[in-house]
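> Got a structure for you, questions after.
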Amino acid sequence: MPEIRVDPLSGLRTIIAPARAERPFAYSDPLVIDTAPDPFAIGNESQTPPELYSVREVSGDPDSWRVRVFDNLYPALQDGLPEPERDAKPDLFTTVPARGAHEVIVNSRRPVDSIGELDADELVEAVETWRLRMREHAAAACLHLSVNEGHGGGASIPHTHAQLYALDFVPALIARERERFAAYATRTMGANLLADLVAEEVRRRERVVAIDDEAVLLTPFASWLPYQLLLAPRRPRPRFEDEGPTGTRLLHDGLGRLARAHGARVPLNLWVRTAPRGAEHFCWRIDIVPRLSGLAGLELGTGLHLNSIAPERAAAELRSA
């Protein structure tokens, strides 16, 4: 059973999920996915847990699904976990159940290894499913939806898919962002931190990659890694899962720019940041982090990132891509 352990030195939490070591690592960066062992392929539905939701062309036709959702077979979070036995030294060794939900959303029936390979309409359909499933877990303290692509991005199965984590606590990094939004609103008589940041980025134009009617795509001022992207809505909303524009077509454009700029599929991590519990002032965004360089001792040991490509240069290259 998965559990959460609290680091006695930092107070940060770690999910310990031994069952995830049993996952089949089928990723070998193929140009064409072999659908025979692909558990997310049409015809292999029996290899996954029971379906929670799907988008289908024909109701009741098992082979007509376009997007499919089910519980993760190797979950990091589970509902109904019992309380662990209390340690004799709880101040040093604190363990709590890793309660919540952990779902897989197969973004397309087509066996492609990147959401950037989907056409714009397919991506819109996948993203709308992300939002629907996030709304199903509205009672969670924090929702985190992520996409891992490529071996360098931590993908174990190449067929494009997202993972949704419904957590019963707010992780420290997200809690810190919540606090900064609140503090900024207090200082500015209710202004929104991300909305003001995006407006100033658009005014300066140094790090803006592209804009459309729904969203702005830019390279963050303090990017962690080279060619990192941030997509934010033109009009701020706290929760991504609420009704309103998603910026999906601009996301599709940005993924295409990354691929063209680097001449190949880029391993990456993408996640949706949405308002956690207790956030009175917030704005959703999508972060896209290409994994073109690794994390080393500085980043892992201090949390201090070292980026060798200035975001202004990255933005200029992606604008021309």
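> Looking at the structure I just gave you, is Tyr184 among the hydroxyl-bearing types (Ser, Thr, Tyr), closer than 27 Å to Phe40 by Cβ and not in a loop (DSSP other than H, G, I, E, B)? Lay out the reasoning, then the answer.
Values: among the hydroxyl-bearing types (Ser, Thr, Tyr): yes; closer than 27 Å to Phe40 by Cβ: no; not in a loop (DSSP other than H, G, I, E, B): yes.
Taking the combined requirement at face value, the residue does not satisfy it.
> Ok, one more. Do any residues in the range 1-16 that are outside any loop (DSSP other than H, G, I, E, B) have Cβ atoms under 6 Å from those of residues that are basic (Lys, Arg), where the two are at least six apart or on different chains, and which pairs are they?
The qualifying pairs are Ile4/Arg13; Val6/Arg13; Thr14/Arg5; Ile16/Arg5.
> Does the range 45-62 include one or more residues that are of a type in the set (A, V, I, L, M, F, W, C), at pLDDT 95 or above and within 21 Å of Glu149 (Cα to Cα)?
No - not one qualifying residue is present in the range 45-62.
> Considering the range 127-161 alone, what residues qualify as being outside any loop (DSSP other than H, G, I, E, B), of a type in the set (A, V, I, L, M) and buried (at least 18 other Cβ atoms within 10 Å of the Cβ)? I'd like the intermediate steps shown before the answer.
Filtering the range 127-161 for residues outside any loop (DSSP other than H, G, I, E, B) gives 127-136, 142-149, 151-153, 161.
Narrowing the set further to residues that are of a type in the set (A, V, I, L, M) leaves 127, 132, 134, 143, 145, 147.
Correct list: Val127, Met134, Leu143, Leu145, Val147.
> Tally up the residues in the range 207-223 that are touching a Ser or Thr at 6+ places or on another chain (Cβ under 9 Å) and surrounded by fewer than 19 Cβ atoms within 10 Å (Cβ to Cβ), please.
Qualifying residue count for the region: 2.
> Could you figure out which of (1) surrounded by fewer than 17 Cβ atoms within 10 Å (Cβ to Cβ); (2) on the phi > 0 side of the Ramachandran plot isn't true of Val96?
(2)
> OK, next. Out of (1) more than 22 Å from Glu177 (Cβ to Cβ); (2) touching a strand residue (DSSP E or B) at 6+ places or on another chain (Cβ under 7 Å), the odd one out for Asn269 is which?
Asn269 satisfies every listed condition except (1).
> With the checklist (1) buried (at least 20 other Cβ atoms within 10 Å of the Cβ); (2) part of a strand (DSSP E or B) in hand, flag the one item Leu255 doesn't pass.
(2)
> Take residues that are within 18 Å of Pro158 (Cα to Cα) and either touching a Ser or Thr at 6+ places or on another chain (Cβ under 8 Å) or in the same structural domain as Gly263 (by TED's automatic domain parsing) (or both) and tell me which of the strands (runs of 3 or more DSSP E) falling wholly in the range 38-126 contain 1 or more.
Answer list for the range 38-126: 65-71, 100-106.
> Is it true that Arg239 is part of a helix (DSSP H, G or I) and either out of contact with any helix residue (DSSP H, G or I) (no Cβ under 8 Å at 6 or more places or on another chain) or in contact (Cβ under 8 Å) with a residue 12 or more places away in the chain (or both)?
The answer is no for Arg239.
> I'd like to check something: does the range 301-316 contain any residue that is within 27 Å of Gln163 (Cα to Cα), out of contact with any Phe, Trp or Tyr (no Cβ under 7 Å at 6 or more places or on another chain) and surrounded by 14 or more Cβ atoms within 10 Å (Cβ to Cβ)?
No, the range 301-316 contains no residue that is within 27 Å of Gln163 (Cα to Cα), out of contact with any Phe, Trp or Tyr (no Cβ under 7 Å at 6 or more places or on another chain) and surrounded by 14 or more Cβ atoms within 10 Å (Cβ to Cβ).
The values are calculated or read from the model by the stated rules, or taken from the named source; none is laboratory data. Small disclaimer: the values here were computed from a predicted structure and weren't measured. Every residue, glycine among them, receives a Cβ derived from its backbone with ideal geometry; neighbour counts consider all protein chains shown.
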